[in-house]
Amino acid sequence: MDKIFYNGVIKTVDDAYPIVSAVCVKNGIVMHVGSDEEMLKYKTEKTELIDLKGKFMMPGFIDSHMHMILTYYQKLQLDLGGCKTKKDVLAALKAEAERIRREGHEGEWVKGVNFNQDYWADEKKIPTRLELDEATGDVPCMILRCCGHTASHNTKALDIMGVMKEKEGETSLNMLFLEDGTPQGQLFEGDAEMSSQFVAVPSVEEYVEWIKEETANCAKLGLVGIHSDDLNMVAPGRDVENVMAAFKVAAETGQMSIKVYEQCRIEEADKLKAFIEKYPRGTAFGTRFVTNAIKEMGDGSLGAHSAVLRGSYANDPAAKGVKVHPDEEMNELIQIAHSAGYPVAVHCIGDGAVEQVLNAMELAQYNDPKPDIRHGIVHCQIMGTDQVVRMQKNNVLAYVQPVFCRADAGIVDDCVGPELAKQSYDWRRMVDLGVHASGGSDCPVEPCDPIPNIYYAVTRDDSKGGSWYPENAVTMEEAIRMFTIEGAYAGYAEATRGSITVGKYADFVVLSQDLTKIDPKDILNTKILMTVVEGETVYEA
Ligand SMILES: [Zn+2]
């Protein structure tokens, strides 16, 4: 035996033997599980013994939706997430523009990310072109909201992008105008990322470095696997080949600490067909990278009122949300993926987007029945109970982010009214109906730390000392499944990952306390002591 983990409280997430104290591992695979006495019989001279000292071990966490490449890329940019006021934001942008001028970086942009004006103490309004001009002058400047669905720009940036010529009522861009008819600076949805057409595509070597660093960061948080949406994120339309080549190098040369199930973001029919031809579903590089699903976008975000609702926004009746693809286009994209045996994972925040996507999935199934395909909806936030029922009927997976409670508990009721709010973020209903619900962070929207995510899944803490529709919470047992076996299921990997089961990969996490025994309010104090992937210790505190 290569390794024996013993003297632990080991929760296996396998009903055949729920709690054991020891596990034997050989060649990265779980060979036996049981008591210390039974397992230590397999010890040979070469066996490494790992004394868990009574600590709690369980299957390593799997995050079912995040953006690993974007997470790294954003660290290279100015993080506005900590700014408490609009004034702070403008001061930070001014300092960055001064740095760029001082260092003489011709053509460099001020790129600020991760702000959320809802949290500002002074004026809760995104700065306009004119306000950004005052702070940054002739250095091009773009600031992207934390949701990624809207960005504001200064005049220089709009000039470079060719947007200053746009006219109200004539433009095909999704943008705002000032009263004098000139661009206001703010662009939405696909157009919010327009400035990315002017950045250089990172090289394969750079991406390998990012992947190495980010997978190691994930391991520190107890993650053994992530579903990550990385294509067309940094330089849309130009970066797919470099990202795929980098994953191949990183996975095949042992530079990935954890496994990545790629949610391949391709949003044009021709490009999607070509991608699928080159990388069919299940294309694997070593054991730590696989093309798992096609990622599409359904709508925007709740905070920006660009999520598509079946009804209207209670606090903004003029807003309707923004469908990223008209129905025919969504039907076509999903049909292409579906008929090639690729499941889709589609971003839907509003019930209107959920409706569009469920219709498209049902149509694809009608045209070309594939009962075993695992299509899914990412986020599943504003939803009617009728739609949860429909997901169950069609075996559509839910990729949910319980940690979103932290930001959303305060805005959902205002946006959609209590009647719909209480049917929304309803993980309890999903689990009860047997919808496969896996948990994720949408990092960099929220940190990819499973511990706060589990905390919100169980408590639905409303940040005001109460609980937000506590009847929609799940139990700790269910939350653990959401971040282990259900993440594996979403990756078609439940036979090889997601529980501590004989014959599966030895993917473990050792925690400072037993999640199943503590008071829920103590969950946030849990520390990661060790992360093991395929029998290899990839992190140790
Ligand atoms: Zn996302």
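Observations on the structure shown:
- Relative contact order of the range 363-417, defined on C-alpha pairs under 8 angstrom at six or more residues apart (%): 36
- Trypsin sites (Lys or Arg not before Pro) restricted to the range 468-531 and DSSP loop, no more than 12 other C-beta within 10 Å: LYS517, LYS527
- Across LYS11/LYS504; LYS11/LYS46; LYS212/LYS295; LYS53/LYS504, pairs whose alpha-carbon gap is larger than 18 Å: LYS11/LYS46; LYS212/LYS295; LYS53/LYS504
- Antiparallel bridges, percent of DSSP beta bridges restricted to the chain (to nearest 5): 45
- DSSP-defined antiparallel bridges as percent of all bridges, the range 182-306, nearest 5: 15
- Carbon + sulfur, % of accessible area of the range 2-108 - ligands and nucleic acids excluded, 1.4 Å: 50
- Stokes-Einstein D in µm²/s, Kirkwood radius over Cα pairs - the range 423-541 at 25 °C with 0.890 mPa s viscosity: 160
- Heavy-atom SASA rank of LEU231, LEU524 (probe 1.4 Å, accessible area, largest first): LEU524, LEU231
- Distance from the alpha carbon centroid of the range 1-60 to that of the range 82-101 works out to 52 angstrom.
- Accessible surface of LEU130 - all protein chains present, 1.4 Å probe, nearest 10 Å²: 90
- Using the Cα coordinates of the range 381-438, the gyration tensor eigenvalues translate into equivalent-ellipsoid semi-axes of 21, 13, 8 Å, sorted from longest to shortest.
- ASP15 sits among other residues whose Cβ lies under 15 Å from its own Cβ, and their net charge, with Lys and Arg +1 and Asp and Glu -1, is -2.
- For ALA345, nonlocal amide neighbours, meaning residues 5 or more places apart or on other chains whose placed amide H falls under 5 Å from its own, are ILE294, LYS295, GLU296, GLY376.
- Normalised contact order of the chain, rounded percent, pairs of Cα under 8 Å and 6 or more residues apart: 16
- Under a 5 Å amide H cut-off, with hydrogens placed 1.01 Å from N, ASP230 pairs with GLN263, ARG265 among residues at least 5 apart or on other chains.
- Net charge, VAL204 excluded, C-beta distance under 12 Å - Lys, Arg +1, Asp, Glu -1: -4
- For the chain, the C-alpha radius of gyration divided by 2.2 N^0.38 Å, with N the number of residues, is 0.98.
- Partner lysines for LYS94 [C-alpha distance under 21 Å; skip if fewer than 8 residues away on the same chain]: LYS75, LYS84, LYS86, LYS111, LYS124, LYS125, LYS156
- Going by accessible surface with a 1.4 Å probe and the largest first, THR385, THR253 read THR253, THR385.
- Computed from backbone phi, the HN-Hα couplings of the range 148-161 come to x, 9, 8, 9, 10, 9, 8, 5, 4, 5, 5, 4, 4, 7 Hz, rounded to whole numbers (Karplus: 6.51 cos²θ - 1.76 cosθ + 1.60, θ = phi - 60°; Gly and Pro given as x).
- Taking all protein chains as they are arranged and a probe of 1.4 Å, the heavy atoms of LEU70 leave approximately 30 Å² accessible to solvent.
- Alpha-carbon centroid distance for the pair the range 160-175 / the range 378-408, whole angstrom: 35
- Between the range 427-487 and the range 119-150, the alpha-carbon center distance in angstrom: 32
- Spacing of the two label points (7 Å from each Cα toward its C-beta) at GLU277 and ALA318, in nm: 4.6
- A dipole drawn for the chain from +1 and -1 charges on Cβ atoms has a positive end, and of THR287, VAL163, MET66 the residue lying farthest that way is THR287.
- Chymotrypsin sites (Phe, Trp or Tyr not before Pro) within the range 447-541, DSSP loop, no more than 11 other Cβ atoms inside 10 Å: none
- With viscosity 1.306 mPa s and temperature 10 °C, the Kirkwood radius over alpha carbon pairs of the range 1-156 converts through Stokes-Einstein to a diffusion coefficient of 80 µm²/s.
- Residue among VAL538, GLY503, ALA490 farthest towards the positive dipole end of the range 488-541, charges placed on Cβ: ALA490
- Hydrodynamic estimate: the Kirkwood radius of the range 333-397 over Cα pairs, inserted into Stokes-Einstein at 4 °C and 1.567 mPa s, corresponds to D of 112 µm²/s.
- Ranked from largest, the principal axis spans of the Cα set of the range 143-244 equal 53, 26, 20 Å.
- Only the Cβ atoms of Lys and Arg (+1) and of Asp and Glu (-1) were treated as charged; on that basis the dipole of the range 65-169 about its Cα centre amounts to roughly 200 debye.
- Per residue, the solvent-accessible area of the chain (1.4 Å probe, heavy atoms of protein chains only, all protein chains present) comes to 39 Å².
- The residues packed around LEU158, meaning those with a beta-carbon under 12 Å from its beta-carbon, carry a net charge of -1 if Lys and Arg are +1 and Asp and Glu are -1.
- The reciprocal of the average 1/r between distinct C-alpha atoms defines the Kirkwood hydrodynamic radius, which for the range 74-202 equals 14.7 Å.
- Dipole check for the chain: with +1 at the C-beta of Lys and Arg, -1 at the C-beta of Asp and Glu, and the Cα centre as origin, the magnitude is about 1080 Debye.
- Calculated on the alpha-carbon coordinates, the convex hull of the range 319-446 measures out at 107 cubic angstrom per residue.
- Ordering THR182, GLY222, GLN197 by Cα displacement along the dipole of the range 118-254 toward the positive end leaves GLY222 in first place; charges were set at the Cβ atoms of Lys, Arg (+1) and Asp, Glu (-1).
- Taking only the alpha carbons of the range 158-313, we obtain Rg and Dmax values of 18.8, 58 Å in that order.
The values are calculated or read from the model by the stated rules, or taken from the named source; none is laboratory data. Given the structure is predicted, the values throughout are model-derived calculations rather than measurements. We place every Cβ from the backbone using ideal geometry, glycine too, and count neighbours over all the protein chains shown. Ligands, DNA and RNA are excluded from the accessible area calculation, which covers all protein heavy atoms including side chains. Shrake-Rupley method; radii C 1.70, N 1.55, O 1.52, S 1.80 Å.
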